[in-house]
Amino acid sequence: MIRHNPPGRGHAYRPSLDQRDPVQPEAGEQVTLGVLVSQAAGVPVVELDVNGRIMAMDAHRLDTADSGLVLGDAGGHLAAAAEAGEDTGGLDAWQVMVGPFATGDRVRYRFRSADARETTSWFALPIGSWERSGGRLVVEGAEGHVAPTSVQWLVVDGKPVRARFALTLSAGEHIVGLGERFHSLDQRGWAVDATVFEQYCDQGVRTYLPVPFAHVVGGDGWGFHVDTTRRVWFDIGKQDAGMLRIEVLVDPDDPQVTLRLWDGSPADVLSGFFDVVGKPARIPDWAYRPWISSNEWNTQERVESEVARSLEEGIPVGAIVIEAWSDEGTIHIWRDAQYTPRHDGEPLRYQDFTFPPDGAWPDPKGMIDRLHAQGVKVILWQIPVVPDHDIENDEQLVADRVALQERGFAVLEEDGSPYRNRGWWFPRALLPDFTRPEVREWWTEKRRYLLEEMGVDGFKTDGGEHTWGDELRFGDGTRGDLTNNRYPNLYAQAFHELLKRAGTDGLTFSRAGHAGAGSFPGHWAGDERSTWEAFRASVTAGLTAGASGIFSWSWDHGGFSGELPSAELYLRTGAMAVFSPIMQYHAEFNHHRVPSHDRTPWNIAEQSGDPRVLDVYRGLTELRERLVPYLIEQAKLGTENSKPLLRALFFDHPHDERVWEFPLQYLLGDDLLVSPVTEPGATEWSTYLPEGEWVDAWTGQSHTGGRVVTRAVPIEEIPVYVRVSSWEKLRGVFTP
C-alpha cells in the first residue's frame, strides 16, 4: 500500500506524514513530499515530471515513532490523547525533497513501489507566483495606513489563492489584540496567525480564539480588522520593524479582501469593530458569583457532597459545572438513565427516563432543585461530536449517528461522505453541521428537556476546534477554508438559540471562537498547567481577549492539568480570579487516583500542609460576593462604552508609555486597578499607578498617579487600588 494525500489531514501547524509541504508551493521553494508505505512495497520511488522531463528519486525513511495512534497514560486522559501520534495504520513514513521550481514550470509527480507493481495516480504540483494584480483589496474607513505598492496576489494556474499587503507602523506603536493570546500583550516583534486550534497546555503563539482584529496604540491611535474567517498570517514588525505584514487566504473565484480601519482611542476602535461583528452580550447576574468544578465529580453523591463541603467551610458557591454527567456518547442523556431509545433520532423528554437508585444519578432533578435551593446554578458539559466508537448498550448513540448521516446533517468531506474528526480528541467522530438552522435546532432540541423540565442553567460548550481541512463542505455552501474558524461561534450560537427558546436566563461557556464570539458569552482560556508561567500566560490571555471583544472571560485559576499547584500559587491565582469577570476553579480527570487532583481549597490545604489555605480562600470568595454588584454595574457600562470589564491599562491610558512596563496589571471596570502577584516568594510588590488619584483598597492610603508604588503583599492580599472618586462607594467591599 502507498498512501499520499497532498493537503494532509488539515493540522494547522504540523504537516501530516503523507502530506505535501507546502501544499501550495511558490516559485523558488523546495517541497517535501511525504508518503506512507507498507513494508511489502519496499523503498518508495517518486517519479517527478518537470516540463515533460521525468526523473526518479528514492525516498528516505523517517525515524519516527508515529506509526500508530497509541494513547498512553501521560498524567491525565487529555494529556495522553494530546501526546498521541498520528494514526498511520501501521504504515512506514517516507519523505523526498523536490524543487525548487521556477514560475511557469509544469510539474507533476507520482509514487511507485520499488518493484513498480504498485503506483499512485499522478498529482499536479502547480507553482504559484506573487503578482501585483489578480484580486481586489477593499479598504474601508481610515486612510493612510496601507503601505503603498505592498499589495500582491499569489496566482496559481491563473487564479489568486492568497493576498498579502502591509500596514505601516510608527516607532513607539504597540499592537494588542488578534484574539486571545497567551505569549505577549504587545504583539509587536511577533509572527502569529489566526486559526482556531486546540493546543493542550503551553499554547505559545497558538490559540483557541483568534480574531483578525487589533488595536495600534501610540500616537493618535488606530486599529484594523481583516474581515474574513479564512486563515490570516501576521508578521508584526518581526521581519521589518516598520511594517505589519498580512497574508490571507482568498477565494480563487472571488478574490476580494476587505480591510477595515479606524482611527481613534481603543474604545472608538472597538466600537467600530462591534458595528461589524455585533456587540458582546452580557452574562446573567448570577454568573458573577464563584464557580466550582472538577472532571471527577461524576456522580450525584459526589456533586452534592462537594457543594455541601464548600458551604460547610463557609465558602460560597454560585454555580457548579458538571462535566462528567453524561456518557461521552449521546451527551444529552444522564449516565445510567433507563429509557426506550428513539431510533428516529428525535428528542427525548424528562418523563421518558427512569433513574436507578443504584445508578450514578438516582435523582438528577431533585439534585438540581436542592442545589438551586442553596443558591447554586447548574451548568452541564457539552461537546459537538457524535463519537465513532459505541458505548456499551448505547442504542441512542447509534440512532443519533444514523440520523445525523441519513438526514444529511453532518459536516462533509469533499466527496460528500461524512467528515470524521481528524484531531486527537474524539478521533473519527462525526460533527453536526451548525451552518444550517435546522441542524442547530435538531441538535439542541435533544437538550431542551434539561432546561425546561430539569432546571439546568447553562452549558459548557467545550471543543469546537475539530473541523480540519480547507476542503470540507458545509450545508450553507461554504468550504472548510471559510467555515472552520466560524464553527465554534456557530456551535455556541446553537445553544444560545436553545436558551432563548427555553426562556432560560443562562449562558454558554466556550473555549473556542473567532470574531464576534462575544455575542455568545462566556469564554474561558482552555487547558493550562498549574505553574507560575501558565498563570502569567493566563493573565495575558484575558487582557488580549478583552481587547478583541471577548468581555465575559475566565480561566481555571490554580491551573487545570498535571500536579497540584502549591498553596502559594493557588492563593495568588485565586486572588487574581476574584478580580476576573468569571471566577472558577476546575481540575482534569485523574482516574480517581489518590491523592486527589481536585483544585478545591480543602484538597490544596490537606495536600500542601498549609493551614492558611482554607481561611484565605474563604476570605477571597467572601470578597468576590461583595464585589458582584460592582461587576454587574461595570459589565453593563463596559458593553455600552465598548470597554472590556477586564482591560489592560492602555485602554484608559493610551499615551502613557510606562503602562507597557507592567503588562500584567489591569483595570477591572472603571475604578479598580489590579496588580496580580505573579512570581513565587514575593513579600513586596511594585505597581505602576497611571495619572489620577488612587487609594490602596486595603489600607485606605492615598497615592498620586504617574509613579510606581511598592507595598507588602501578604498571602491574603493582592494589590488593588481604587480611583479616589469611587472610594466611598467601594470602601465597604474591602473593609466590611
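Taking the Cα atoms of the range 285-639, what is the range of coordinates along each of the three principal axes, in descending order and whole Å?
Rounded to whole Å, the extents work out to 60, 49, 37 Å.
Taking neighbour Cβ counts within 10 Å as the exposure measure, how do MET97, MET454 sort from fewest upward?
Values: MET97 13, MET454 18.
In order of increasing Cβ crowding within 10 Å: MET97, MET454.
Would you mind giving the three semi-axes, in whole Å and largest first, of the ellipsoid equivalent to the range 583-736 according to its Cα gyration tensor?
30, 18, 17
With +1 assigned to the C-beta of every Lys and Arg and -1 to the C-beta of every Asp and Glu, and no other charges, what is the dipole magnitude of the range 680-723 about the Cα centre in debye, to the nearest 20? Don't skip to the end; give the middle numbers.
Numbers: 3 positive and 6 negative charges, 20 e Å.
The dipole magnitude comes to about 100 debye.
If we count chymotrypsin sites (Phe, Trp or Tyr not before Pro) as exposed when they sit in a DSSP loop and have at most 12 other beta carbons within 10 Å, what is the longest stretch of the chain that avoids them all?
Values: sites that count: TYR13, TRP122.
By the stated rule (loop sites, at most 12 other Cβ atoms within 10 Å), 123-736.
Counting every Cα pair in the range 184-319, what percent are over 27 Å apart? All intermediate terms of the calculation are to be shown ahead of the outcome.
On the way: 4104 of 9180 pairs.
For the range 184-319, the share of Cα pairs beyond 27 Å comes to 45 percent.
For ASP240 and ARG436 in one chain, what is 0.36 nm times their gap in residues minus the Cα-Cα distance, to one decimal in nm?
Fully extending the segment from ASP240 to ARG436 adds 66.3 nm.
Kindly count the pairs of lysines across the chain whose alpha carbons are less than 17 Å apart, treating pairs on different chains or eight or more residues apart as eligible.
Numbers: LYS279/LYS636; LYS279/LYS643; LYS365/LYS377; LYS365/LYS446; LYS377/LYS460; LYS446/LYS460; LYS446/LYS500; LYS460/LYS500.
Lysine pairs, 8 or more places apart or on different chains, close enough: 8.
Using amide H atoms built in the peptide plane, which far-off residues or other-chain residues are under 5 Å from SER510 H to H?
The answer is THR461, GLY522, HIS523, TRP524.
In what order do ASP63, ASP202 fall by count of nearby beta-carbon atoms within 10 Å, going from fewest to most?
Working: ASP63 6, ASP202 15.
Ordered by Cβ neighbours within 10 Å, fewest first: ASP63, ASP202.
Label the range 144-234 by shape, choosing from rounded, prolate and oblate, from the square roots a ≥ b ≥ c of the eigenvalues of the Cα gyration tensor; if a/c is under 1.5 it is rounded, and otherwise prolate applies when a/b is larger than b/c, oblate when it is not. Let's see the in-between values first.
Numbers: a/c = 2.31, a/b = 1.09, b/c = 2.13.
It comes out oblate by the Cα gyration axes.
As a footprinting exposure proxy, order THR149, THR699, THR678, THR544 by other Cβ within 10 Å, with the fewest listed first.
If I rank by nearby Cβ atoms, fewest first, I get THR149, THR699, THR678, THR544.
As an exercise, use a Förster radius of 30 Å and the Cβ-Cβ distance of GLU140 and GLU657 to find the FRET efficiency, rounded to the nearest 0.05.
Efficiency computed from Cβ-Cβ geometry: 0.50.
Of PRO676, LEU244, VAL733, which is farthest on the positive side of the dipole of the chain, counting Cα position, with +1 on Lys and Arg Cβ, -1 on Asp and Glu Cβ, and the Cα centre as origin?
Positive-end residue among those listed: LEU244.
Counting only helical runs of four or more DSSP H residues, what would the 222 nm mean residue ellipticity of the chain come to if each run contributes -39,500 (n - 2.57) and the total is spread over all its residues? Provide the component values of the computation, followed by the final result.
Working: 14 runs with 161 residues, N = 736.
It comes out at -6500 deg cm²/dmol, rounded to the nearest 500.
Across the range 104-113, in residue order, what do the Karplus-derived ³J(HN,Hα) couplings come to in whole Hz, using 6.51 cos²θ - 1.76 cosθ + 1.60 with θ = phi - 60° and x for Gly and Pro?
x, 5, 9, 10, 8, 7, 8, 10, 9, 6
Given +1 on the Cβ of Lys and Arg, -1 on the Cβ of Asp and Glu, and no further charges, what dipole in debye does the range 285-639 carry about its Cα centre, rounded to the nearest 20? Walk me through the numbers on the way to the answer.
On the way: 36 positive and 56 negative charges, 208 e Å.
For the range 285-639, the charge dipole is close to 1000 debye.
Each residue of the range 23-36 in order: what ³J(HN,Hα) in whole Hz does its phi give by Karplus 6.51 cos²θ - 1.76 cosθ + 1.60, θ = phi - 60°, with x for Gly and Pro?
Values per residue, Gly and Pro as x: 4, 10, x, 9, 4, x, 9, 7, 10, 9, 10, x, 8, 10 Hz.
What is the spin-label model distance, in nm, from ALA40 to MET1 if the labels are put 7 Å beyond Cα along the C-beta direction?
In this crude label model, ALA40 to MET1 measures out at 1.1 nm.
Cut-off 19 Å, label point 7 angstrom out along Cα-to-Cβ of SER170: give me the residues of the range 647-682 whose amide nitrogen falls inside.
Counting only backbone N, you get 650-660.
Towards the positive end of the charge dipole of the chain, with charges on Cβ (+1 Lys, Arg; -1 Asp, Glu), say which of ALA124, TRP532, ALA59 has the farthest Cα.
ALA124
Under the √(5λ) rule applied to the eigenvalues of the Cα gyration tensor, what semi-axes describe the equivalent ellipsoid of the chain? Give them in Å, descending. Before the final figure, lay out the partial values.
Values: eigenvalues 373, 239, 109 Å².
Equivalent-ellipsoid dimensions as semi-axes: 43, 35, 23 Å.
Just how large is the dipole of the chain about the Cα centre, in debye to the nearest 20, putting +1 at every Lys and Arg Cβ and -1 at every Asp and Glu Cβ? Let's see the in-between values first.
Working: 70 positive and 109 negative charges, 221 e Å.
Its charge dipole is roughly 1060 debye.
On full extension of the chain, what length is gained from GLU679 through GLU131, given 0.36 nm per residue of separation minus the C-alpha to C-alpha distance? It would help to have the intermediate numbers written out before the result.
Working: separation 548, 0.36 × 548 = 197.28 nm, distance 5.01 nm.
Contour length minus the Cα-Cα distance gives 192.3 nm.
Between ASP58 and ASP202, what length in nm is gained on full extension when 0.36 nm per residue of separation is reduced by their alpha carbon distance?
Numbers: separation 144, 0.36 × 144 = 51.84 nm, distance 3.78 nm.
That works out to 48.1 nm of additional length.
Looking at the range 562-630, which trypsin sites (Lys or Arg not before Pro) are DSSP coil and have at most 11 other C-beta atoms within 10 Å of their C-beta?
ARG593
For GLU533, put the label point 7 Å out on the Cα→Cβ axis and report which residues of the range 169-188 keep their amide N under 13 Å from it.
183
Is the range 1-54 best put as rounded, prolate or oblate by its Cα gyration tensor, with a ≥ b ≥ c the root eigenvalues, rounded for a/c under 1.5, and otherwise prolate when a/b is larger than b/c, oblate when not?
Working: a/c = 2.73, a/b = 1.08, b/c = 2.54.
Judged from the Cα gyration tensor, the range 1-54 comes out oblate (a/c at least 1.5, b/c at or above a/b).
Determine ³J(HN,Hα), in whole Hz, for all residues of the range 587-601 in sequence, where each value follows from phi through the Karplus function 6.51 cos²θ - 1.76 cosθ + 1.60 and θ = phi - 60°; x replaces Gly and Pro.
8, 6, 4, 10, 6, 6, 6, 10, x, 5, 9, 4, 9, 5, x
FYI, it's all coordinate maths here, none of it is from the lab. Just so it is clear, the model here is predicted, and its values are computed rather than measured. Don't worry about glycine lacking a Cβ; one is built from the backbone with ideal geometry, like all the others, and counts go over all protein chains shown.
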